[in-house]
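Asks: This is the structure I want to talk about, given as structure tokens.
The values are calculated or read from the model by the stated rules, or taken from the named source; none is laboratory data. What you see is a predicted model, and the numbers here were worked out from it, not measured in a lab. Here the Cβ positions follow ideal geometry from the backbone for every residue, glycine too, while neighbour counts run over all protein chains shown.
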């Protein structure tokens, strides 16, 4: 049997033994990945601060106005509602906009 066939087997055996020896480090905890994520999206309640900022940006863009006051949280017909006061500088008009706090939809 020539060295051409034995050499790869010896190299493979040496690498596997070395890898096994390195894996047995004592005193160092192993990394455990844990369960996979169920969803890439966070629950809406976890992003409540971001949601309000996003609503403000959307309202300012939609009405081409600046938010003066808000969000003021009120309860209308058993639902939480965010009330924003907007000012349109060009027209000089003030508008009150109500948004459902749960869904972000304008009422």
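Asks: Could you tell me whether segment 46-60 includes any residue that is loosely packed, with under 10 Cβ neighbours inside 10 Å, under 24 Å from the mean Cα position of the chain (by Cα), closer than 22 Å to residue 107 by Cβ and at pLDDT below 70?
Replies: Yes: segment 46-60 contains one or more residues that are loosely packed, with under 10 Cβ neighbours inside 10 Å, under 24 Å from the mean Cα position of the chain (by Cα), closer than 22 Å to residue 107 by Cβ and at pLDDT below 70.
Asks: Next up: Output the residue which, of all residues in segment 69-107 that are in contact (Cβ under 8 Å) with a residue 24 or more places away in the chain, touching a helix residue (DSSP H, G or I) at 6+ places or on another chain (Cβ under 9 Å) and not in a strand (DSSP E or B), is nearest to residue 55 (Cα to Cα).
Replies: Result: 104.
Asks: Would segment 83-98 turn up any residue that is modelled with pLDDT under 90, surrounded by 13 or more Cβ atoms within 10 Å (Cβ to Cβ) and within 24 Å of the chain's Cα centre (by Cα)?
Replies: Checked segment 83-98: no residue is modelled with pLDDT under 90, surrounded by 13 or more Cβ atoms within 10 Å (Cβ to Cβ) and within 24 Å of the chain's Cα centre (by Cα).
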